[in-house]
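All of the numbers you see were taken from the coordinates with simple rules; none came from a lab. Everything numeric in this text was worked out from a predicted model, so none of it was measured. Please note: Cβ atoms are built from the backbone with ideal geometry, for glycine as well, and neighbour counts cover all protein chains shown.
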Amino acid sequence: MDLLDESVVPAHAHEVKREAREFADEHIRPNAEEYFRSGEYPWDVLEAGMDAGLVAQDISEEYGGRGLDLEQVLAINEEFYAADAGIALTLMLASFGCEIIETYGTEAQKDEYLRPVAATDQLSGLAVSEPQTGSDMAGMTTTAERTDDGWVLNGEKYWVGNAVEADWLTVYAKTGDGDDRYGNYSMFIVETDTAGYEAQHIPEKIGMRASKQGHIIFDDCEIPEENLVGTEGGGFYVLADFFNHGRVVVGGHGIGLAAHAIEETWKFVHDREAFGRDIAEFQSTQHILADMRMEFEAARALNWRAARKVKQGEDAGFWAAATKTKSTETAVDCSERGMQLHGGRSVLEEYPISRVYRDARIPVIYEGANEIQRNLIYRQGDI
């Protein structure tokens, strides 16, 4: 069973997809259980991914990366998430926010911040969500006030990947109080060794335990004027564009998780007996597996279509929201059905389906909760 076959993948993404599969087999799968149990940051796997040229390589060749496009990044994420979601998220977050700098930053910012990440000498991150505000990007309260020398940040950020590990972050902060609530935010580069920046890991999660998120407190954190990314007041629109790409990739997270759930369930039901025969011989079991496979194939087809649409700039907001929602919810559905077919053994940590089940609960929330995605789908899906 090769659920992640190349038939729907553009030809130019085949090579990197094979690289990702080989890497997942060698480095991710063998370490998945250990890192899930320990909850430690998988530095050794991350460094191996850097050496393999599969981390932070969406940065263009001009700044030292491989220039991988959206479809190539999606191909990598399918393979990584099918192996283990926690480790995969760590690998993906190593260059999180760099796309914003490459698209909207100055040449000086690109030279200073993108090159070290592409060279795998530094890690980046993106700080948007706050303790009391998740998907409402026009409701964030962290402020950046202009001074004679630059900007001073005050406030908190939450659920920030690499908040502790990163060398610098792209931070979303409020810079105005105008009637247009969407024009009151800007983006900034903040180096994590700056005075007034404090971060600590969020207490352990139920899933994706090998990926670390943090709680940041900005306390009169001073940054220079040149660390403003793009135009003052343009932050909301920068993020809206950035998330269109990100949500397609998160769709790949869901696809990888769903594939993992189906593979584990298929193996289990063909190797377990009840009432004198394999569980797989019961028609009810076959129907559940058939439904899992149909939903998976539908979600994956949508994901690759959405990747093409977003890459071409065709109704990007609609396609990104649609595929993020469908793919991540398919992961939840497949993992729940897989748990049911595993019976009582599903709750034992030794069975990978229990990890997939917990991991799958997370992507339906990040990059904008799916309830928000449905709002976007309705508003942008004119027919």
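Some notes on this structure:
- Residues 229, 364, sorted so that the one with the fewest Cβ neighbours within 10 Å comes first: 364, 229
- Stretching residue 231 away from residue 378 to a fully extended chain increases their span by 50.0 nm, per 0.36 nm per residue minus the current alpha-carbon distance.
- The phi-based Karplus calculation (6.51 cos²θ - 1.76 cosθ + 1.60; θ = phi - 60°) puts the 3J(HN,Hα) values of region 288-302 at 5, 5, 5, 5, 4, 5, 5, 5, 4, 5, 5, 5, 5, 4, 4 Hz, whole numbers, x for Gly and Pro.
- Nearest-0.05 FRET efficiency for residue 202 and residue 61, computed from C-beta distance (R0 35 Å): 0.50
- Within region 178-203, backbone nitrogen closer than 19 Å to the virtual label 7 Å beyond the Cα of residue 111 toward Cβ: 189
- Farthest toward positive dipole pole in the chain [+1 Lys/Arg, -1 Asp/Glu at C-beta], among 81, 344, 134: 344
- From phi via Karplus (6.51, -1.76, 1.60), per-residue ³J(HN,Hα) for region 150-164 in Hz, x at Gly/Pro: x, 9, 10, 9, 9, x, 9, 10, 9, 6, 9, x, 6, 4, 8
- Ranked for footprinting exposure by Cβ neighbours inside 10 Å, fewest first, 95, 129, 327, 284 give 284, 129, 95, 327.
- Amide hydrogen neighbours beyond the local backbone of residue 208, cut-off 5 Å, H modeled: 86, 359
- Evaluating kT/(6 pi eta Rh) at 4 °C and 1.567 mPa s, with the Kirkwood radius of the chain over Cα pairs in the Stokes-Einstein relation, gives 61 µm² s⁻¹.
- Coupling constants for region 332-341 follow from the phi torsions by the Karplus curve (6.51 cos²θ - 1.76 cosθ + 1.60, θ = phi - 60°), and in residue order they are 4, 5, 5, 5, 5, 5, x, 4, 4, 6 Hz; glycine and proline get x.
- Chymotrypsin sites (Phe, Trp or Tyr not before Pro) within region 253-359, DSSP loop, no more than 10 other Cβ atoms inside 10 Å: 275
- Highest mean packing comes first when the peptides 153-166, 338-351, 79-92 are listed by Cβ atoms within 10 Å, giving 79-92, 153-166, 338-351.
- For residue 18 and residue 301, the difference between the fully extended length at 0.36 nm per residue and the C-alpha to C-alpha distance is 100.0 nm.
- Under 5 Å from the amide H of residue 192 lie the amide H atoms of 168, 169, each residue being 5 or more positions distant or on a separate chain, with H modelled from the backbone and absent for Pro and chain starts.
- Relative contact order (%) - criterion: Cα under 8 Å, at least six apart; region: region 34-172: 21
- Efficiency of FRET between residue 315 and residue 167 - r from beta-carbon atoms, R0 35 angstrom, step 0.05: 0.45
- Projected label distance in nm at residue 145 and residue 291, using a 7 Å step from Cα toward the beta-carbon: 5.6
- Temperature 4 °C, viscosity 1.567 mPa s: under these conditions the Stokes-Einstein estimate for region 237-380, based on its Kirkwood radius over C-alpha pairs, is 82 µm² per second.
- Rounded tilt (10° steps) of 370-380 against the dominant C-alpha axis of the chain: 70
- Over 30 Å between alpha carbons, listed pairs 17/157; 110/205; 110/174; 157/324; 205/311: 17/157; 110/205; 205/311
- Amide H within-cut-off set for residue 232, under 5 Å, with H built and near neighbours excluded: none
- Student exercise, the chain dipole from Lys, Arg, Asp, Glu Cβ charges, in Debye to nearest 20: 1640
- Region 25-120: C-alpha gyration tensor shape, a/c 1.5 cut-off, then a/b vs b/c: prolate
- Estimated translational diffusion coefficient (Stokes-Einstein, Kirkwood radius over Cα pairs, 37 °C, 0.692 mPa s) of region 126-232: 234 µm² per second.
- Of the residues 113, 378, the one with the fewest other Cβ atoms within 10 Å heads the list, and the complete ranking is 378, 113.
- Full-stretch length increase - residue 121, residue 191 - with 0.36 nm per residue and alpha-carbon distance subtracted: 23.8 nm
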